[in-house]
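Chemist: Before I ask anything, here is the structure I am working with.
The values are calculated or read from the model by the stated rules, or taken from the named source; none is laboratory data. None of the values given here were measured: they were computed from a predicted structure. All Cβ positions, even for glycine, are placed from backbone atoms using ideal geometry, and neighbour counts span all protein chains on display. Heads up: the accessible areas ignore ligands, DNA and RNA and are worked out on the full protein's heavy atoms, side chains in. Shrake-Rupley method; radii C 1.70, N 1.55, O 1.52, S 1.80 Å.
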Amino acid sequence: HFGMGLHTGEAVVGNVGSHLRKDYSAIGDAVNMAKRVQESAQPGQILISEDVYLKGKDWVVVEPLPPMRVKGRQALEQIYELLSKK
């Protein structure tokens, strides 16, 4: 089992590397935030950032979790557990 974390935002996506080795990758603050949210999810749990919640609040049922400190950000971030769709 695994947990999922969702965040939305802009990222740079493409081939990164040298002529000897290239990797397809995504970088940016949105990618880092998604990683941090995912790392907080327990097996079978789906966590979403406040940005995701605000875009989909008319379609989902969530439970707010205590605000969490995210590495690389000064302010606490509001995270929600996705419970179901409406």
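Chemist: What is the percent carbon and sulfur in the accessible area of the range 1-80, measuring with a 1.4 Å probe over the protein chains and ignoring ligands?
Modeler: Exposed carbon and sulfur together represent 54 percent of the surface.
Chemist: Expressed as an acute angle from 0 to 90° and rounded to the nearest 10, what is the orientation of the C-alpha long axis of helix 29-40 relative to the principal long axis of the chain?
Modeler: It is inclined by approximately 50 degrees.
Chemist: For VAL62, enumerate residues with amide H under 5 Å from its amide H, sequence gap 5+ or separate chain, H modeled in the peptide plane.
Modeler: LEU83
Chemist: Can I ask one more? Quick one: which residues, 5 or more positions from ILE46 or on another chain, have an amide H under 5 Å from its amide H? H modelled 1.01 Å from N in the peptide plane, none for Pro or chain starts.
Modeler: MET4, LEU82
Chemist: If you don't mind, there's one more thing I want to ask. Going by average Cβ neighbours within 10 Å, how do the peptides 30-40, 63-73, 10-20, 49-59 rank, with the highest at the top?
Modeler: Values: 30-40: 17.8, 63-73: 11.5, 10-20: 9.5, 49-59: 14.6.
Averaged packing, sorted descending, gives the order 30-40, 49-59, 63-73, 10-20.
Chemist: Sort ILE79, ILE46, ILE27 by accessible area with a 1.4 Å probe, largest first.
Modeler: Working: ILE79 5, ILE46 55, ILE27 95 Å².
In descending accessible area the options line up as ILE27, ILE46, ILE79.
Chemist: For volume of the Cα convex hull per residue in Å³, one of [x] 114; [y] 125; [z] 100 was computed from the structure I shared and the rest are decoys. Which label?
Modeler: [x]
Chemist: Given H placed on each backbone N at 1.01 Å, which residues far from ILE79 in sequence or on other chains put an amide H within less than 5 Å of it?
Modeler: LEU65, MET68
Chemist: Now for a separate question. Could you point to the residue in SER25, GLN45, GLY72 farthest towards the positive end of the chain's charge dipole, with +1 and -1 charges on the Cβ of Lys/Arg and Asp/Glu respectively?
Modeler: Comparing the listed Cα positions along the dipole, SER25 ranks first.
Chemist: Starting at the first residue of the range 41-46, write each ³J(HN,Hα) from the Karplus equation 6.51 cos²θ - 1.76 cosθ + 1.60 with θ = phi - 60°, in whole Hz, x for Gly and Pro.
Modeler: Those phi angles translate into 6, 7, x, x, 9, 10 Hz.
Chemist: So, one more: Just to be sure I understand: of the beta bridges DSSP finds with both ends in the chain, what percent are antiparallel, rounded to 5?
Modeler: On the way: 15 of 18 bridges.
About 85 percent, rounded to the nearest 5.
Chemist: Calculate one ³J(HN,Hα) per residue across the range 59-69 by plugging θ = phi - 60° into the Karplus curve 6.51 cos²θ - 1.76 cosθ + 1.60, and present them in order as whole Hz with x for glycine and proline.
Modeler: Whole-Hz 3J(HN,Hα) from phi for the range 59-69: 10, 10, 10, 10, 10, x, 9, x, x, 10, 7.
Chemist: For the chain, how many pairs of lysine residues have a Cα-Cα distance under 15 Å, where the two are 8 or more positions apart or belong to different chains? Don't jump to the answer; show the numbers that get you there.
Modeler: Working: LYS35/LYS71; LYS55/LYS85; LYS55/LYS86; LYS57/LYS85; LYS57/LYS86.
Summing the qualifying lysine pairs gives 5.
Chemist: So what J values fall out for the range 19-25 if you push phi through Karplus, 6.51 cos²θ - 1.76 cosθ + 1.60 with θ = phi - 60°, rounded to Hz, Gly and Pro as x?
Modeler: So the J values, rounded to whole Hz, are 5, 7, 8, 10, 10, 7, 8.
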